[in-house]
Amino acid sequence: MTNVGRSGESRACRRLVRSFGHCSSELCPVEPRSFLTAAVPQRTLSRMEGLKGIGGEVESALERVRVPAYMIDRHGIIRWINGAAERIVGDVRGRQMTSVLAPEERRRGREIFTRNLMGPPRGSDNRAVFLAADGERITMEVSGVPLEGGGHVIGVFGQVKEVEENPPPPPPHPRLTPRQTEVLRLLEQGHSTDQIAKELHLSLETVRNHIRGILRALGVHSRLEAVTLAHRVQLIPS
């Protein structure tokens, strides 16, 4: 391999990180860094010296360990999950991270992801409702930290701390469609018409039609009345 100057090495590594999420051992002109090493700030890398001394294949262990783990790039695309995570949500590699969240959690999920991406190195722990591979709703507590590579934050690495099985959802109202029930749940979360449209990828007029249908089906005259009644008859979990 031809010699490359230090600044050239840095630029080359950054190009590889942008393309692949890490420096390939076959392509990178400098010593590659694993995503495990990159997941901690430079000033704390000394803590990893013990692992280096052992010489074990930590990334292989992460793939096999029975603790769900994942890596999301800075654009919100799921790039890697281990076997334990795949058994819960299915093979979601290449999909937006919001695709594994329940609809009412997606806006908050994006906010948390941005905070982990741009925030302090310690990251954060958060609890949210996810969609399992079979479509069932499950609650998980997830710990995520910024993932560094080539001197830049390139995504978020995280692990699942706890998985809870959610109780069965309340029975649907006989006059509400599944989509109307979803809109009603977002209304309960305080979403505006515009926010619901963006969350569900619908037009504003379609959302307004759903809301008018909800009011007619429940025999009420306002969104607040609809949410109050939905709680009273347990259409929405308290």
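Where a number appears in this text, it was derived from the coordinates with a stated rule and is not lab data. Everything numeric in this text was worked out from a predicted model, so none of it was measured. No Cβ is skipped: glycine too gets one built from the backbone with ideal geometry, and neighbour counts run over all protein chains shown.
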| For the stretch 178-232, what is the largest minus smallest coordinate of the Cα atoms on each principal axis, given in angstrom and ordered from greatest to least? | 28, 19, 18
| said: So, R0 is 30 Å and r is the distance between the beta-carbons of Arg122 and Arg93; what FRET efficiency does that work out to, to 0.05? | reply: 0.70
| query | Taking 0.36 nm per residue of separation and subtracting the Cα-Cα distance, what length does fully extending Glu63 through Ile77 add? | reply | 3.2 nm
| task | For the stretch 88-238, build the convex hull from the C-alpha positions and give me its volume per residue in Å³. | result | 131
| Using the Cβ atoms and a cut-off under 12 Å, what net charge is assigned to the surroundings of Gly109, where Lys and Arg are +1 and Asp and Glu are -1? | +2
| Based on Cβ point charges of +1 for Lys and Arg and -1 for Asp and Glu, what charge dipole magnitude is obtained for the stretch 119-221 about its Cα centre, in debye rounded to the nearest 20? | 520
| Electrostatic dipole magnitude of the stretch 58-165 [Cβ: Lys, Arg +1; Asp, Glu -1; Cα centre; debye, to 20] | 320
| task | Quote the relative contact order of the stretch 58-165 in percent (integer), defining contacts as alpha-carbon pairs under 8 Å separated by 6+ residues. | result | 26
| Directionally averaged shadow of the stretch 58-165, computed from the convex hull of its alpha-carbon atoms, nm² | 6.4
| Loop-located trypsin sites (Lys or Arg not before Pro) in the stretch 131-210 whose Cβ has at most 16 other Cβ within 10 Å (DSSP) | Arg175
| task | Could you please report the charge total around Ala230, scoring K, R as +1 and D, E as -1 over all other residues with beta-carbon less than 13 angstrom from its beta-carbon? | result | +1
